Amino acid sequence: MKKTIALVLGFSLLASLPLTATADPEAEREAFVNHFKKKFPNIALEDYVNGVYALDAGAREQWEAIEEFPPYEIDVEEGQQLFETPFANGKSYADCFENGGIAIRQNYPYFDAKSGQVKTLEQEINECRKNNGEKPLKWKKGEIAKISSYMAYTSRDKIFDIKIPDDPRALAAYEQGKQFFYAKRGQLNFACADCHVYSPGMNLRTDILSPALGQVTHFPVYRSKWGEMGTMHRRYAGCNKQVRAKPFKAQGEEYRNLEYFHTYMSNGLPVNGPGARK
Amino acid sequence: MQIAVRALTAASALALVLGGFIPSLASAADTNASVLEEGKKLAFDRKKGNCLACHHVADGISPGNIGPPLLSMQARFPDKATLREQVYDATTKNPNTMMPPFGKHGVLNAEEIDKIVEYIYTL
């Protein structure tokens, strides 16, 4: 417990330093990973991509049964169709992305020097539509989640490699994401870290909490509770609401920066999206 | 309300001492029983205390285990005011605690907290 507190203080101390100071994301990532290694010495690093099922054998058995007939399979197929259907102008998604949009999920989100902002995969899917004269899709579910699922599927086993370029704006975005992650919020006064760094494996009533490490790798996710696919930002909004905090806008700067930090912490783990969860 | 509860507690203590022989005190004891019952309901209600999210509490179903089981409260909190403060604002004792500051953030009002405290003080 004392160690936990020291870690919290350590992070808030770092967070309050001026941005010109030597914030070192790579050292912070290593400390983050080591925290989980110490907490769960018997869990292999690769297993973190399985979220809560890495920690709980009983839940894992049920989940593996579900994965035999993955509930997201049809969404991946529909996503592929949507992805391959040309726009009215004859172009398609493949024209907007590197490598025709195949096997690139592991590079998102990334810092875009031109706009000075973090960009996510969903954001670029909609940008692609706009640039080709199509209406943007809704952010949190439906077609965008299907297209993103297909793109994740083509990227399975690629290794997450989020970069923080030597640009003070990129570091600032990372810092803001980190602060969001460690800040207490909402009427119930919880930080993301309270549940997913300090309490993974514990029961919050009937829910077992998943570790933050590896949480991002399987998104978008088919959640039984939703009965459909949802994007990362849908999940962020859910976790904000659960502590009675007002959720932020999907694809707004707060969640994009959060996703930047959150995904950077899982660098080195493979893409296994889309996933299925309770 | 706090005063009312204290008066009730005093009355029930008296009832205990007198072994419940005096019939006029029986109704006070009844009221106290209903305070305890309401306290338990508030403690278990997901939209109110939801203490079971984190604590094992008596016969509560599927409790969490993030906080310590709520047991032997009188022994651990000889001063009831300290216990009340823990429920009102757990961050005074530990700024990084997971436990929500129920009173300070208005999740529960003073009356509700008093009832919950009365209830868990019997555990």
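The values are calculated or read from the model by the stated rules, or taken from the named source; none is laboratory data. If you're wondering where the values come from, they're calculated on a predicted model, not measured in any experiment. Backbone-built Cβ (ideal geometry, glycine too); neighbour counts: all protein chains shown. For accessibility, only protein heavy atoms count, side chains too; no ligands or nucleic acids. Shrake-Rupley method; radii C 1.70, N 1.55, O 1.52, S 1.80 Å.
Points to keep in mind about this one:
- Beta bridges by DSSP in the protein assembly as shown, antiparallel share as percent, to the nearest 5: 75
- For the protein assembly as shown, the list of Cys residues with no other Cys C-beta under 4.7 Å reads A:CYS192, A:CYS195, A:CYS239, B:CYS51, B:CYS54.
- For the stretch B:86-101, heavy-atom accessible area (probe 1.4 Å) falls by no less than 50 Å² from the chain alone to the full protein assembly at B:ASN96, B:MET98.
- Accessible-area composition of the stretch A:212-278, carbon plus sulfur, in percent [1.4 Å probe]: 51
- Of all lysines in the structure, the ones whose alpha carbon falls short of 22 Å from that of A:LYS158, not counting any fewer than 8 places away in one chain, are A:LYS119, A:LYS146.
- Accessible area expressed per residue, the protein assembly as shown, with surrounding protein chains retained (probe 1.4 Å, Å²): 50
- Part-to-part distance (alpha-carbon centres) for the stretch A:41-75 and the stretch A:182-207, which is given in Å: 21
- Rounded, prolate or oblate (a/c below 1.5 giving rounded, otherwise prolate when a/b exceeds b/c) for chain A by Cα gyration tensor: oblate
- Contact-buried residues of the stretch B:103-120, at a threshold of 30 Å² lost accessible area versus the chain by itself: B:HIS105, B:VAL107 (1.4 Å probe; DNA, RNA and ligands ignored).
- Cα gyration tensor shape of the stretch A:22-142, rounded if a/c is under 1.5, else prolate or oblate by comparing a/b with b/c: oblate
- Around the amide H of A:GLU228, modelled in the peptide plane, lie the amide H atoms of A:ARG223, all under 5 Å away and 5 or more residues distant in sequence or on another chain.
- Set A:LYS178/B:LYS47; A:LYS163/A:LYS278; A:LYS38/B:LYS40; A:LYS140/A:LYS184; A:LYS114/A:LYS138; B:LYS48/B:LYS80 screened for pairs whose C-alpha atoms are more than 28 Å apart: A:LYS178/B:LYS47; A:LYS163/A:LYS278; A:LYS38/B:LYS40
- On association of chains B and A, roughly 1700 Å² of accessible area becomes buried (total for both chains; probe 1.4 Å).
- For the stretch A:199-274, the gyration tensor built on C-alpha atoms gives a rounded shape. Its axis ratio a/c (a ≥ b ≥ c) stays under 1.5.
- Of all accessible heavy-atom area on the stretch B:36-120, the percent that carbon and sulfur account for (1.4 Å): 56
- Heavy-atom accessible area, probed at 1.4 angstrom with all protein chains present, ranks A:LEU45, B:LEU108, A:LEU137 as A:LEU45, A:LEU137, B:LEU108, highest first.
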